[in-house]
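K.L.:
Before anything else, here's the structure in question.
The values are calculated or read from the model by the stated rules, or taken from the named source; none is laboratory data. These figures come from a predicted structure and were not determined experimentally. Here the Cβ is made from the backbone with ideal geometry for all residues, glycine too, and neighbour counts use every protein chain on show.
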Amino acid sequence: MESAFGIIAEPNRRAILSLLASSERSVGEIEHQLRMPQPSVSKHLRVLREAGFVEARVDAQRRVYRIRPEPLMDVDAWLAPFRHFWSTHVDALERHLDRTKLVRPRKGKKR
């Protein structure tokens, strides 16, 4: 079985997961949104389903897919020790922007 990182390394699968992050969708909706042929969408959904990233339910004549959070939680847990690399930079940027706001003269006022 392919690793979680191998599964999400494929750009079309990431695009599908991004769509499903906002709401569940049918194969046809995914196909339309991503402008991908139906066989490709179905192939990627099968890989995602077999890896546990998505699950499907039958709704009349169509299958509706939604995200299963557990595999993404595993990825998140693996990334946790690395967050300080980017959070430190984001915190520094926030401090810089706060200082800039304090120094910036207001428009329309003469000094």
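K.L.:
Would you mind finding the one in R57, R25, R14 that is in contact with a Leu (Cβ under 7 Å, 6 or more places away or on another chain) and at pLDDT 85 or above?
P.N.:
R25
K.L.:
Would you check which residues across segment 2-28 are over 21 Å from R62 (Cβ atoms) and surrounded by 15 or more Cβ atoms within 10 Å (Cβ to Cβ) and list them?
P.N.:
A4, I7, I8, listed by residue number.
K.L.:
For segment 58-75, which residues satisfy the criterion of being in contact (Cβ under 8 Å) with a residue 24 or more places away in the chain and assigned to a strand (DSSP E or B)?
P.N.:
Passing the criteria: D59, R62, R63, V64, Y65, R66, I67.
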